[in-house]
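Below is one structure, written out as structure tokens; comments come after it.
Derivation of every value follows stated rules applied to the coordinates shown; laboratory data play no part. Here the structure is a predicted model, which is why all the values come from computation and not from measurement. Cβ: placed from backbone, ideal geometry, glycine included. Neighbour counts: every protein chain shown.
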Amino acid sequence: MNMNSTVRNLAFGAALLLSAVPFAAQAEDVAENLKGTGEVVITSGGGTWEAAQKKAFFDSFTRDTGIKVVLVPEDHAKLLASIKLGQPEADITGIPGGALKGWINKEAVEEIDYSFFADNTLAGMPEQMKNKYGVGALVSSAVVAFNTSKFPDASKQPKNWVDFYNVKDFPGKRALPKCEKMLDGALLEGALMGDGVSPDKLYPLDLDRGFKKLAEMKPNVGRWWVAGADAPQSLISGEVDIAAAYNGRIFKAKQEGAPVELSWDQSLLQLDFWVITKNSPNKENAAKFLAYISQARPQADFAEAISYGPVNNDAYKLLPKDMVSILPGSPELIERQVFQNYEWWNETAADGRTNWDVALERCVAMLSQ
């Protein structure tokens, strides 16, 4: 089964679950095998992302298990370097689905110990969320977002990637993801659709065409972001007028009264994974953390806090119907979205490099010019 069909099944399977018998909303007693001592070190992207994780995952995990959560800033290049030295600076990090194969090839991740997961938790998680080396973190979308103060007329607001790259009709600075975030920030897919490539003809990605389009856009980029919080912040501050951004970040900023909006047209539907770093000093606590947050209640709390789709289908039964309708991959949105093709991103050449590795090298070279 290809990635496109698995994500479709995930979305529609979740929709079917909405009609099932309501899930018990009360919290269950935490299993004894999840309790412990010591700490687990996790990378965080800051901003509303970290706030949502703290509310849904970190605080309750420490309260219920006795294991302390320690946060460090997310910097995958730095983290990979520390793993290579045998001294990982974090036990857990989140990575885009298309990068997982590269981390496996680099021998940077441990196998997931699913023995800590309750049977009902595993039953609620679609198979693609239970990878040997990664646990599903969320279903998200990279979207075109903009400042409504700059574009107040609804009939003249940017709606898709073609508009994003049209600086004549939609003037202003742009925010785009920096190289290490190019996959989950839809850097290349956005550039190619902005250059007129039809969503159904997107893969295999034409790297030459994509990087040429990005090079043309460079003078109009006001912010190359690494942390997900940078995109909404740059819109709110007026540093940029249009941004490639994560849907949840924009949703939360809008909720808090910021003059921002997003369009779902041509948004990239994506899966992220949690991974445990190779030689993690707190490997068992890391496994306990992933088992805990994969339960329905924490997943529902996270979705409600930041508008990302849960990885446990039972979480949908705990969410208001109006909330489900704005989650990436929902039946109401799925026809307007583009499925990111992780199979292409993970293809490995004879030299052992994935398409992700090749694109990353080219991206760094482009930005250095």
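Values computed for the structure shown
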{"item": "Lysines with Cα under 23 Å of residue 159, excluding same-chain neighbours fewer than 8 positions away", "result": "150, 168, 173, 178, 181, 201, 212, 213, 218, 252, 254"}
{"item": "Nearest 10 degrees, 0 to 90: helix 207-217 Cα axis against the chain principal axis", "result": "70"}
{"item": "Label-point gap, in nm, between residue 106 and residue 123 - each point 7 angstrom along Cα→Cβ", "result": "3.9"}
{"item": "Column: log10 I(q)/I(0), Debye, Cα scatterers of region 39-175, q = 0.20 Å⁻¹", "result": "-1.27"}
{"item": "Of the GluC sites (Glu not before Pro) in region 82-159, those whose Cβ has at most 14 other Cβ within 10 Å and which sit in DSSP loop", "result": "107, 111"}
{"item": "Dipole-positive endmost among 122, 30, 164 within the chain (Cβ charges, Cα centre)", "result": "164"}
{"item": "Helix axis angle, 3-17 relative to the chain longest principal axis, alpha carbon, degrees", "result": "60"}
{"item": "Helix 296-306 axis, angle to the chain major axis (alpha carbon atoms, nearest 10°)", "result": "30"}
{"item": "Viscosity 0.890 mPa s, 25 °C: Kirkwood-radius Stokes-Einstein D of region 232-369 over Cα pairs, µm²/s", "result": "137"}
{"item": "At q = 0.18 Å⁻¹, base-10 log of I(q)/I(0) for region 143-269 (Debye sum, equal scatterers on each alpha carbon)", "result": "-0.88"}
{"item": "Residue among 176, 333, 85 with the largest mean-square fluctuation in a Gaussian network model of the chain, springs linking Cα atoms under 10 Å", "result": "85"}
{"item": "Spin-label model distance (nm) - residue 367 vs residue 321, 7 Å beyond Cα toward Cβ", "result": "4.4"}
{"item": "Region 242-300: GluC sites (Glu not before Pro) in DSSP loop, at most 12 other beta carbons within 10 Å", "result": "256"}
{"item": "Positive minus negative residues near residue 359 (Lys, Arg vs Asp, Glu; Cβ under 14 Å)", "result": "0"}
{"item": "Mean ellipticity per residue at 222 nm, deg cm²/dmol - from DSSP H runs of n ≥ 4 across the chain, formula -39500 (n - 2.57)", "result": "-10000 deg cm²/dmol"}
{"item": "The chain - share of DSSP beta bridges that are antiparallel (%, nearest 5)", "result": "60"}
{"item": "Net length gained if the chain between residue 336 and residue 55 were fully extended (0.36 nm per residue, minus Cα distance)", "result": "98.1 nm"}
{"item": "Percentage relative contact order, the chain, counting C-alpha pairs under 8 Å, at least six apart", "result": "29"}
{"item": "In nm, spacing of pseudo-spin labels at residue 64 and residue 198 (7 Å Cα→C-beta vector)", "result": "4.8"}
{"item": "Region 260-333 - Rg (one decimal) and Dmax (whole number), Cα, Å", "result": "14.8, 43"}
